[in-house]
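A short worksheet on the structure shown next.
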Amino acid sequence: MIKILIIDDDLALARSLEIQLKAESHQVAVAHNVSDGMEVLDEFVPDLVLLDLNLPDTHGLKALPAILNNLPGVIVVIMTGNTENKEAVDAMRDGAFDYLRKPLDLDKLLQMAVKVESLKKSPLSSEADKEGSPPKVFSLQMIGSDPKIIDIHKQIGLLARNRITLLVTGESGTGKEVVARILHEASAPDQPFVAINCSAFISTLLESELFGYEKGAFTGADQAKEGKLEFAGKGTVFLDEIGDMSLDLQSKLLRVLQEDEFVRVGGLKPRMLKARIVAATHRNLQEMVKKGTFRQDLFYRLNVVNITVPPLRERRGDIDHLAEYLLAKIASKIGRQPLPLNAAGRKKLRTGNWPGNVRELENCLTRSMVLAHGREIDTDDLVIEQNDDQEQAFHPVCGTLAATEKIHISQALEEHNWNITHTALTLDVSPTTLRKKITDYHLKRAES
């Protein structure tokens, strides 16, 4: 049993949560604005605070630091119906324990209460989380409301509190560099973000790019030059396509990560590494380790935290939102008003084959906007490659059975315009089973 404070101006929801939580033998207090919530906080001293964001007197994100300062050790869970993913990053970065989207999953909430009760019995130190005062807000984000995308934003918010090395994996075009840039903006926006494509340089040139060199280090080095690791300061060094780095340079990078220092080419003086390293690849590094083309010890050093960006085919429900965002971006870039997608165009995008992921979607929309004849984008304006063999080739070999089933069900629902009866007949399952799968996989019908 724990003490739970609900701060939410939705009277019906607050009352419903109060009843459900009390039925589980928890002590519950309710407030409908931040001011009343702060008073209850002092008197009630909760273990868990369920905090809504859109409150009448103060935004929840502004109230979060005050709650954590007034009652150190309290666990705060953010609740919101907003679709703004940046809020998830801000909330997790600023100390929230979790971030839940409305409508709330009651089972998940009850499980969280059990977890908080367990933490209360065996408290862990959170001093590391309190170090420093994280810099303020940013605008870059990944578009989408798929649970995997929300989870990525939550992880970024937590990672922004420290300087831990990160490995970002995913197919080409999914947005791996976007993840790195969001993390950088959340943790060190006033410092440089330095991106290096490891496949664009031969080994010797890449070494000079990373570490810099001293005067006379090699023919043509007529003056000293600082490398990207040095230039980045306390910012971020993004090593794209790390799987293409030579074994010789892998060993040198490993030493940098082990010792937090490096030496310029031709130099003797060690220089401290202050930047965060974020590596990214579309390759399977574990398979490369088995084949001997990637160092196992470097893999472990890079893979302290791993974020896998899902391909577009696994989050088709986000395509409408992505298309709207990308059309506005494209229109701004070419200096014209954005053209809207009609219903038929949106449906074609949702069911299309996207081996190139978000990058390919953006290219398709750019071509469509430039060449469209009418005042909206129709199916005839959208040129999408429909190649079943190509799509199959881009499915991850190591994909889970659940992920494959989710994709198959989602595609079947789209093909039958979300007619449960017809889709169930096609899949050879009962409508009840299909509805349960839809709930389990968080599938949602895209807006038309």
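So the values come out like this:
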| quantity | calculated |
| --- | --- |
| Inter-residue pairs, beta-carbon under 9 Å, first more than 25 Å from residue 349 (Cβ to Cβ) and among the polar types (S, T, N, Q) and in the stretch 427-448, second at pLDDT below 90 and surrounded by 12 or more Cβ atoms within 10 Å (Cβ to Cβ), 6+ apart | 430/424; 432/424; 433/424; 433/427 |
| Some residue of the stretch 265-279 being assigned by TED's automatic domain parsing to the domain that holds residue 298, modelled with pLDDT of 90 or more and part of a helix (DSSP H, G or I) | no |
| Test: residue in the stretch 45-61 that is assigned to a helix (DSSP H, G or I), free of Cβ contacts under 8 Å to residues at least 60 places away in the same chain and not acidic (Asp, Glu) | yes |
| Pair list, Cβ under 6 Å, 6 or more apart: the stretch 363-380 residue in the same structural domain as residue 325 (by TED's automatic domain parsing), other residue among the basic types (Lys, Arg) | 379/348 |
| Test: residue in the stretch 161-168 that is within 26 Å of residue 354 (Cα to Cα), touching a Lys or Arg at 6+ places or on another chain (Cβ under 6 Å) and modelled with pLDDT of 95 or more | yes |
| Candidate set: the stretch 71-93, residues that are in a loop (DSSP other than H, G, I, E, B) and free of Cβ contacts under 8 Å to residues at least 60 places away in the same chain; chosen: the one farthest from residue 157 (Cα to Cα) | 71 |
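The values are calculated or read from the model by the stated rules, or taken from the named source; none is laboratory data. Worth saying up front: this structure is predicted, and the values here are computed from it rather than measured. Here Cβ is always computed from backbone atoms with ideal geometry, including for glycine, and neighbour counts include all displayed protein chains.
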